[in-house]
Amino acid sequence: MRCFVAVELIAELRQPLVALLAQLPRSREVRWCTPDQLHVTLKFLGEVPEARIPQVCQVLTDVSAGIAPFSIRLSGLGCFPTRQSPRVLWCGVEDAAQGYGRWVAAADPLLAELGFERESRAYTPHITLGRSKSGDGAALLREILDRTVKLPDRPMLVQQVVLFESRLRPQGAQYIPVAGAPLGTAPTGG
């Protein structure tokens, strides 16, 4: 199974992004995400043998239990790798409590013990909106980055992470939830 760990968005954050995507110019040179593909990825795992899924779920449960729920907000558009040559357009996520970073830092070594590659880049919480397929697509992403985009200032309380299976289809990837792990369930000392 091709898998990743992510946080699902509440409707109040998803809907403005869906509306934004509907307003963006269409081009064969950019593959735009569909509404059900909008999420914040914490860790891409790649191919996971089905026999390993219980171990992965246990890591998610253990790590999530030690991270208190935290609040996020949408924070504007950005891109990877650079503004001059964008390949991925994303919406940033403001995470004042550094909950995402703490989760990734705690999970990465445990997932590495199971054979999953450690993340080499600094973690940037974001919601992928589209991917460029060419230089023309990159030019379109640069135009979009120059626009002023109004996003809601509504917070979202992150309360769980989800293991997703990603099924690749000709019309785009389909994400199927496999298991959820609630945050902040570790017993407190006393």
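Derivation of every value follows stated rules applied to the coordinates shown; laboratory data play no part. What you see is a predicted model; the values in this text were computed from it and never measured. Cβ: placed from backbone, ideal geometry, glycine included. Neighbour counts: every protein chain shown.
Model label points for ALA65 and GLN159, set 7 angstrom from Cα along the Cα-to-Cβ axis, are 2.0 nm apart. Axis of helix 11-23 versus longest Cα principal axis of the chain: the two differ by about 30°, to the nearest ten degrees.
Rounded to the nearest 10 degrees, the angle from helix 135-145 to the longest Cα principal axis of the chain is 80 degrees. Length, then width, then depth: along the principal axes, the Cα atoms of segment 96-136 run 41, 30, 13 Å. Against the chain, whose longest principal axis is taken from its Cα atoms, helix 99-113 shows a tilt of about 60°.
By definition, a body whose alpha carbon gyration tensor gives a ≥ b ≥ c is oblate when a/c is 1.5 or more and a/b is not larger than b/c, and segment 127-176 fits this oblate description.
Once the Cβ-Cβ distance of GLN15 and ARG52 is raised to the sixth power relative to R0 = 25 Å, the FRET efficiency obtained is 0.10. Compared with the rule-of-thumb size 2.2 N^0.38 Å for a compact globular protein, segment 2-182 has a Cα radius of gyration ratio of 1.04. Sorted into 5 angstrom bins from 0, the C-alpha pair distances of segment 24-123 split as 2, 10, 17, 20, 18, 16, 10, 5, 2 percent.
Of the trypsin sites (Lys or Arg not before Pro) found in segment 61-166, those in coil by DSSP whose Cβ has at most 16 other Cβ atoms within 10 Å are ARG83, ARG118, ARG121, LYS133, ARG147, LYS150.
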